[in-house]
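Here's the structure, in structure tokens; my notes come after.
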Amino acid sequence: MQIQLNGESRRLDGDSTLAQLIETLGLAGRRVAIEVNEEIVPRSQHAQTQLAEGDRVEIVHAIGGG
Amino acid sequence: MTQLKQDTPLTVAGRRFASRLLVGTGKYRDFDETAAAIEASGADVVTFAVRRSNLGQNPDEPNLLDVISPERYTLLPNTAGCYTAKDAVRTCRLARELLDGHNLVKLEVLGDEKTLYPNVTETLAAAETLVADGFDVMVYTSDDPIVAKELERRGCCAVMPLGSLIGSGNGLLNPATLALILEHAEVPVLVDAGIGTASDAALAMEMGCDGVLMNSAIAHARQPVLMAGAMRKAVEAGREAFLAERMPRRADASPSSPFAGRING
């Protein structure tokens, strides 16, 4: 399955939930926020959110800025 | 005689802050310097940006929010880098998720990369959407008194005109328009952008601004931690001078020592 992750194509092996993707990326427990297809997916729903072919996923965090 | 001015804490959307200096977290050498400068600034409100996470590279690297603790500071996510209302609204929603529902944001929608001047039409549109969505919106804007009032009418909880271009350090280039904004505003007015050194911050506060937000003036000083302390004092001094109400200007001299009893009298 192919998704767009932070603007780049990414291949996932088989089905994946958002929580599994975060785990694979080493971001479990990190302070991030996630959008799928421009809609926020609250942290509480990561485990139930099944990713689908072509989903556009954005994972963001806080950085220095003014 | 009008009443003497009394100080009250800066209050933005019902939140009270002891310090009237708000600071950014960009352009520092490292997180240690960021933390030390913010500590020295005495700021309560600290702004940060939202960006895509670096995937696959050092997922264990320290996170800004480990350094600037949400328990200690009021975090103010900003929409720096957004050029459309849509991107700014998305960024605010991501920030609210990032901070577990915290709804205070700094809205800025920029016009172009050379000036980073606010795009006022996009800013107005974004402000309306964000307020309707339950955000408390502190808004970066041009120093136009009409636009400031329009943003206030759309429900923004603070209006933050630029003193001069973001990161330019040119200070307050148009104090006359800032004075007009201050005269008519019914929400806090903070100068956001353009502060270069302590006297710029002091001047903004002496004019009656409710606060000052800065980043580069501290981070790009040769000694940021020292400058952070200078800015804390400048904002306090400017505020006290505003409350004290300065002496009237006069054309002629007025001796401070008594005329009578001079030895040459």
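Would you confirm whether or not segment B:12-26 contains a residue that is open to solvent by less than 80 Å² (accessible area, probe 1.4 Å) and assigned to a helix (DSSP H, G or I)?
Within segment B:12-26, not a single residue is open to solvent by less than 80 Å² (accessible area, probe 1.4 Å) and assigned to a helix (DSSP H, G or I).
In segment A:4-24, which residue that is away from every other protein chain (no Cβ under 12 Å) and aliphatic (A, V, I, L, M) is most open to solvent (accessible area, probe 1.4 Å)?
A:Ala19
Condition check ((1) modelled with pLDDT of 95 or more; (2) β-branched (Val, Ile, Thr)) across all residues:
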site	(1), (2)
B:Phe17	yes, no
B:Val23	yes, yes
B:Asp30	no, no
B:Thr34	yes, yes
B:Glu39	yes, no
B:Thr47	yes, yes
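In segment B:226-239, how many are surrounded by fewer than 24 Cβ atoms within 10 Å (Cβ to Cβ) and either within 13 Å of chain A (Cβ to nearest Cβ) or within 17 Å of B:Thr47 (Cα to Cα) (or both)?
Adding up the residues that qualify gives 1.
Among the residues of segment B:28-42, which ones are of a type in the set (Phe, Trp, Tyr) and assigned to a helix (DSSP H, G or I)?
Correct list: B:Phe31 only.
For segment A:25-49, give me each residue that is loosely packed, with under 12 Cβ neighbours inside 10 Å and either assigned to a strand (DSSP E or B) or within 7 Å of another protein chain (Cβ to nearest Cβ) (or both).
Of everything in segment A:25-49, those that are loosely packed, with under 12 Cβ neighbours inside 10 Å and either assigned to a strand (DSSP E or B) or within 7 Å of another protein chain (Cβ to nearest Cβ) (or both) turn out to be A:Glu38, A:Glu39.
Of all residues in segment A:50-66, which are assigned to a strand (DSSP E or B) and at the interface with chain B (Cβ under 7 Å from one of its Cβ atoms)?
Passing the criteria: A:Glu58, A:Ile59, A:Val60, A:His61, A:Ala62, A:Ile63, A:Gly64.
Show me the helices (runs of 4 or more DSSP H) found entirely inside segment B:47-144 where at least 3 residues are free of Cβ contacts under 8 Å to residues at least 24 places away in the same chain and surrounded by fewer than 24 Cβ atoms within 10 Å (Cβ to Cβ).
B:85-98
Over 21 Å from A:Glu38 (Cβ atoms), facing chain A (nearest Cβ under 10 Å) and in contact (Cβ under 8 Å) with a residue 60 or more places away in the chain: does that describe B:Gly24?
When the stated conditions are applied, B:Gly24 passes them.
The values are calculated or read from the model by the stated rules, or taken from the named source; none is laboratory data. Values in this document were obtained by computation on a predicted structure and should not be read as measured data. Positions of Cβ are generated from backbone atoms using ideal geometry, with glycine treated the same way; all protein chains shown enter the neighbour counts. Only protein heavy atoms, including side chains, enter the accessible area calculation; ligands, DNA and RNA are left aside. Shrake-Rupley method; radii C 1.70, N 1.55, O 1.52, S 1.80 Å.
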